[in-house]
Structures are given as C-alpha cells and as structure tokens.
Amino acid sequence: MAFAYKFEDDIYETKLLDIEWDVSRTRRINPVAIFEPVIIDGTTVDRATLNNPEYIKELELGIGDTIGVIKANMIIPNVVENYTRSNTYKFPKRCPVCGGETKTKGSYLYCKNVKCYGANLRRFNHFCSKGAMDIRGLSSSKLFDLLENDIISEFYDLYSIENHKSEIIALSGWGRQSYNKLYQAIQESRITTLPRFLYGLGIPNIGYESACVLCDYVNSNPLALLDLTYDEVIQLEGFGKKTTKVLI
C-alpha cells in the first residue's frame with residue numbers, strides 16, 4: 001500500500017497504476033483512474049473518475065505517474081494533479097467491452113458499435129431497474145445471458161419472452177423455475193405509469209422528474225408525447241435547448 005501524504009487542500013499523493021474504461025448505456029466510454037490505495041477520511045480509495053479524455057490530456061497522464069487525489073465534498077474521489085506529467089497515455093482505439101472501433105465526439109470517447117453488448121447491458125439494467133419498469137430478479141448476469149444468446153436486443157423483446165421459453169430453460173444456471181419467475185416478473189411490470197416507462201427508455205438528459213413534467217403536460221397521453229413541438233417543450237420547467245433537441 002502506498003503512503004498517503006496529506007498536503008495543503010487535502011490532496012493525497014499516490015501512483016497511477018492503470019486507466020480503465022467503462023461503457024455507459026449511451027455507448028460513451030468513461031475513464032476511471034486506478035491507483036495505489038490511499039486512506040482518505042478514514043476510507044481506502046483506489047479509483048477515481050477522470051471525467052473525460054480531455055481531462056487526461058490536460059493532466060498529461062501516463063501509467064506510473066505520481067498523482068494527487070482528493071475527495072470532493074468528502075464523498076467523490078477525483079484526480080486533481082499530476083506531479084510527474086509523463087504524457088505517455090494512449091487512448092483506446094477499440095471498445096474495452098465489445099472491441100468495436102471508438103470515435104471522439106466533443107470531449108468524449110464513444111463506441112461506434114450500435115450493438116455493443118456493454119452498452120446494451122447498461123440500457124437494459126436501467127430499463128428493468130426499480131425506478132423504471134421494476135422487473136424484479138432480472139440481474140445483470142441474467143440479462144447478459146439473454147443478450148449474449150440473442151433472445152433480446154430491444155426492450156419490447158422482454159414482453160414476448162414466452163417465444164423463447166425452451167431456449168431460456170436450457171441456458172446454464174436457469175431452468176424452468178427461473179424462467180417462470182422471470183415471466184411472472186415481466187407480466188407484473190406491465191402495470192406501470194407513463195413517467196416510469198419514459199424514464200426507463202434512457203433518453204439522454206431525461207431523468208424521472210423530467211419525465212413527470214412531460215407526462216403531466218400531455219395529461220399522461222402517450223400519443224400526445226409524439227406530437228410535442230420544440231416550442232412547447234422548451235418552455236417546460238427544467239428543459240433547456242440541449243434536452244429539448246434530444247427529444248424533438
């Protein structure tokens with residue numbers, strides 16, 4: 001374990017061991033710094049967000065560099081300094097999950113593969129989560145099985161899961177009982193609200209509160225959502241130009 005030297009402004013010195021890349025449901029690939037563990041505010045910290053590729057360039061990072069880490073608001077670890085600045089880090093040209101080519105868009109790195117199973121797994125996890133469609137018992141490992149075996153590729157595939165009953169039962173670690181539980185959970189999720197469904201779709205910048213605002217505006221009429229105009233949405237509370245353009 002590295003020694004933690006406490007400096008002015010509570011910056012802790014350690015050694016950068018690696019940079020891992022995590023794929024989000026939008027196929028954005030986010031960098032995470034892996035470093036020798038340091039103790040900050042009584043807890044052991046060994047990883048922190050690096051925000052985006054531009055931030056890595058600004059810090060001139062390289063594996064083995066001596067970096068400074070803080071806990072923003074005593075909660076979120078962040079890399080804020082690079083004392084050695086080797087500037088040797090090479091950005092990945094392939095997605096770390098599916099191997100698809102990467103592309104730069106603005107300040108961020110994205111996977112170009114629209115079928116990236118890493119991104120799809122995150123999408124389905126979000127859709128099935130408690131705050132969205134609440135499909136209970138459908139864990140990441142079970143979703144991965146369904147995606148990997150081409151049983152699901154879009155959200156609506158979950159609601160015709162009976163068409164693949166024999167395939168699912170035959171999967172390793174499943175069986176008839178697991179299938180029956182999944183089928184029952186999916187049927188129960190059909191009774192939901194429009195905001196939960198809209199939130200579950202994972203539209204960029206549309207959280208649950210924004211979904212509620214939209215649904216209230218159209219009196220929970222799903223067809224009316226399709227007819228919304230830019231001028232209507234932009235005047236709603238919490239909707240700026242960026243979010244409105246995503247919707248319209």
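The values are calculated or read from the model by the stated rules, or taken from the named source; none is laboratory data. If you're wondering where the values come from, they're calculated on a predicted model, not measured in any experiment. FYI the Cβ positions are ideal-geometry reconstructions off the backbone, even for glycines, and counts take in every protein chain you see. Just the protein is used for accessible areas: all its heavy atoms, side chains included, with ligands, DNA and RNA removed. Shrake-Rupley method; radii C 1.70, N 1.55, O 1.52, S 1.80 Å.
Against the list (1) surrounded by 13 or more Cβ atoms within 10 Å (Cβ to Cβ); (2) over 17 Å from Trp21 (Cβ atoms), the condition Cys98 fails is (2). Tally the residues that are touching a Leu at 6+ places or on another chain (Cβ under 9 Å) and either in a helix (DSSP H, G or I) or among the β-branched types (Val, Ile, Thr) (or both), restricting the search to the stretch 151-178. Number of matching residues: 9. Selection over the stretch 155-210 of residues that are in contact with a helix residue (DSSP H, G or I) (Cβ under 6 Å, 6 or more places away or on another chain) and in contact (Cβ under 8 Å) with a residue 40 or more places away in the chain gives a count of 8. Looking at the stretch 188-245, which of the residues that are of a type in the set (Lys, Arg) and under 16 Å from Phe155 (Cβ atoms) is most open to solvent (accessible area, probe 1.4 Å)? Ranking the candidates gives Arg190 first.
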